[in-house]
Amino acid sequence: MSIEGHSSAPGANEIVEHYCEHRLADGTRCKEWGGWGHSPSPAVPTRWWCWEHFPHKTFEQEQAFRRKLEAAGKIIH
């Protein structure tokens, strides 16, 4: 794969890995991939979460997620 035609701006071609920002009860971070990002404006850096910990889900999305976990035999408290 060629990078011909890609931006030469500093940092433009860097890969940034972002993991879930949620802190567990023991103080460690969740180890899941942070595929769900949110920023209230372009001036604020994006924060990243896994789907389980993403705080901006709608009620319907949250209910569907709970049903999926229950069907898989995982208990939610």
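The values are calculated or read from the model by the stated rules, or taken from the named source; none is laboratory data. The model shown is predicted, which means the values in this text are computed figures rather than measured ones. Reconstructed Cβ throughout: ideal geometry from the backbone, glycine too, with neighbour counts over all protein chains shown. Surface areas here come from the heavy atoms of the whole protein model, side chains and all, with no ligands, DNA or RNA. Shrake-Rupley method; radii C 1.70, N 1.55, O 1.52, S 1.80 Å.
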So what's the angle, to the nearest 10 degrees on a 0 to 90 scale, between helix 59-71 and the longest Cα principal axis of the chain? 70
What 222 nm value per residue comes from the helices of the chain, counting each DSSP H run with n ≥ 4 as -39,500 (n - 2.57) and dividing by all residues, nearest 500 deg cm²/dmol? -5500 deg cm²/dmol
What nm distance separates the two modelled labels at TYR19 and GLU62, each placed 7 Å from Cα along Cα→Cβ? 2.6
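Based only on the alpha carbon positions, what is the Kirkwood hydrodynamic radius of segment 5-77, in angstrom?
Numbers: mean 1/r = 0.0682 Å⁻¹.
Averaging 1/r across every pair of different Cα atoms and inverting gives 14.7 Å.
Quick one: net charge around TRP51, please, counting Lys, Arg +1 and Asp, Glu -1 for every other residue with C-beta under 9 Å from its C-beta.
Values: positive: LYS57; negative: GLU32, GLU52.
Here the charged neighbours net out to -1.
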Loop trypsin sites (Lys or Arg not before Pro), segment 9-63, which have at most 12 other Cβ atoms in a 10 Å radius of their Cβ (DSSP): LYS31
Residues whose placed amide H lies under 5 Å from that of TYR19, excluding near-sequence neighbours: GLY34
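Remind me, relative contact order of the chain in percent, using alpha carbon pairs under 8 angstrom and six or more residues apart?
Details: 71 pairs, mean separation 14.8, N = 77.
About 19 percent, as a whole number.
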Solvent-accessible area per residue, Å², over the chain with all protein chains present [probe radius 1.4 Å]: 85
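In whole percent, and with a 1.4 Å probe on the protein chains, what portion of the accessible area of segment 5-64 is carbon and sulfur?
Working: 2600 of 4680 Å².
Percent of accessible area from carbon and sulfur atoms in segment 5-64: 56.
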